[in-house]
Amino acid sequence: MSTAPSETRVSTLDDYNRVLGEAEIAELRTLAARLRGRSVQMINSTAVGGGVAEILNRMIPLMQELEVPTRWDVITGGEDFFAITKAFHNALHGEGFRMSDESFNTFLAYTEQNRARLQFDADFTVIHDPQPVALIDARPNGSGHWIWRCHIDLSQPNLKVWGFLAQSVNKYDGAIFSSPAFSRQLPIPQYLFYPSIDPLSEKNRELEPCVIEETLRRFQIDPARPIITQISRFDRLKDPVGVVRAYQIVKRYTDCQLVLAGGGATDDPEGDAVLAEVREAAGKDADIHILDLPPWSAVEINALQRASTIIVQKSLREGFGLTVTEGLWKKKPVVASAVGGIPSQVIHKHTGMLAHSIEGTAYQIRFLLSNPGIAQRLGEQGHEHVREHFLITSDVRRHLTLFLHYLREN
Ligand code: UDP
């Protein structure tokens, strides 16, 4: 079992009081008090990289402070396991599945290894995403409450892969989806929980201007010219090459820079190949900054987002898209594809701009670069939208409420 890292400075509930107001935090304390003595276990497939790790990294300390003991376990597996789960991921997003039937057995063999390594004794077990989904068979004698939280869009899955995974999903007590559009017909209850960001994390807290300036200096980015940024793992579904193409169109009309920053997640074996494709597309343009960041780059990402003129998220498919949430929280105008959970966040012409193609993305970027007043208004409205719906405290509240619902049912 690998233990997930935590950030050096953990915010306290009092800190959230100051940012979000006392009423919201008091509500959390009241709900948590009713769960005293109950324990929670969260399980996912990576401690770093990607949105799920990002949420768990912040949610676990908050649950602890609310005195609901919460453990986070990360499943392990060999390269073959993560190649299979990545193929599952792509297939669930609608791509073909070209692996042999043997891969299903390999998947189950790794699940069995993790089952033997981990302990399952919590009152509430929340399993995140497909990689650990088959751990449901480790549930001791039907005890506890097991919930599957799915962060990806299941609306048009490859049916072979979904048929296999659904055998496990159907055994849970309930499933949580990030958007009504993501869900499937299931024989178990379904819940809608938006993913969330932590306004006080290193990734999202306010930064001194000198930290932002220093970050730009370090990466040799010019603060005097517009900066267009996409932060994402180097993953084809994030379409980094499409972002380069959109930037190249904009660049014909406006002098600007592109920042593509991201790293790999330990459960994503395709990162290096995609990075090479992006480098090739960028050619020798010195205004394209491709930053391969290590996992401990929260402050750098925060600074890059804050330094940006426009945040782009040109995904071809997307789960929720926490990078969009982060950009909106920083009051940035966001241009993003209308896929996955992005339209819940980017309400076209109100909290950002939606696009459907490379040309559309370029068009919206050009529009915002030439209309800074509109860009600013979108950013401010985006910030309020995030405050209302997508902060970690709302996510914690939804979990506590669901756990209480299960207790009442028994
Ligand atoms: N992220 C990061 N380092 C990177 C790339 C992404 O810390 O190199 C973070 C990013 O800031 C965001 C999360 O990982 O918090 C990505 O979540 P999102 O939902 O956008 O996409 P996912 O990677 O889960 O598909």
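Each value in this text was obtained by applying a stated rule to the coordinates, not by laboratory testing. These numbers come from a predicted model, not from an experiment. No Cβ is skipped: glycine too gets one built from the backbone with ideal geometry, and neighbour counts run over all protein chains shown.
In table form, for the structure just shown:
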quantity	calculated
Placed amide H near HIS145: partners under 5 Å, 5+ positions off or other chain	PHE124, THR125
Long-range amide H partners of TRP72 with built H, under 5 Å	MET42
Point-charge dipole on Cβ atoms (K/R +1, D/E -1) for segment 219-277, about Cα centre, debye to 20	380 debye
J(HN,Hα) series, segment 222-237, from Karplus relation 6.51 cos²θ - 1.76 cosθ + 1.60, nearest Hz, glycine and proline x	7, x, 7, 10, x, 10, 10, 10, 10, 9, 6, 4, 7, 9, 4, 5
Ranked packing of 218-229, 283-294, most packed first, by mean Cβ within 10 Å	218-229, 283-294
Where a label projected 7 Å from the Cα of LEU108 along Cα→Cβ would reach, residues of segment 162-188 with amide N under 12 Å	164-165, 167-168
Span from the segment 212-258 Cα centroid across to the segment 358-410 one, whole angstrom	22 Å
Cβ-placed point charges (K, R +1; D, E -1), dipole of the chain about Cα centre in debye, nearest 20	760 debye
Distant alpha-carbon pairs in the chain (separation over 40 angstrom), percent	15 percent
Added length on full extension, which subtracts the Cα-Cα distance from 0.36 nm per residue, HIS356 to ALA26	114.6 nm
Charge dipole (debye, nearest 20) of segment 1-127; +1 at Cβ of Lys and Arg, -1 at Cβ of Asp and Glu	180 debye
Positive-pole candidate from PRO209, SER196, PRO140, dipole of segment 136-288, charges at beta carbon	PRO140
Cβ-derived FRET efficiency at R0 45 Å, ILE347 paired with ASP121, nearest 0.05	0.55
Lys/Arg +1, Asp/Glu -1 at C-beta; the chain dipole; positive extreme among ALA175, PHE97, ILE55	ALA175
Highest to lowest packing among 27-38, 350-361, scored as the average C-beta count within 10 Å	350-361, 27-38
Computed [θ] at 222 nm, deg cm²/dmol, the chain (DSSP H ≥ 4; -39,500 (n - 2.57); rounded to nearest 500)	-13500 deg cm²/dmol
GNM result for the chain, Cα springs below 10 Å: residue of SER100, SER196, SER155 fluctuating most strongly	SER100
Violating pairs (Cα-Cα greater than 22 angstrom) within the set LYS86/LYS160; LYS203/LYS332; LYS203/LYS349; LYS251/LYS314; LYS284/LYS331; LYS86/LYS314	LYS203/LYS349; LYS284/LYS331
Separation of the GLN185 and ASP255 label points, Cα + 7 Å toward Cβ, nm	6.0 nm
Distant-in-sequence amide H partners of ARG139 (H built 1.01 Å from N, under 5 Å)	none
Alpha carbon convex hull of segment 290-391, volume per residue in cubic angstrom	102 Å³
Charge dipole (the chain, unit charges on Cβ, about Cα centre) - positive-most of VAL250, LEU159, ILE228	VAL250
Candidates ALA47, ALA23, ALA134, ranked by Gaussian network fluctuation over the chain, Cα under 10 Å, top entry	ALA23
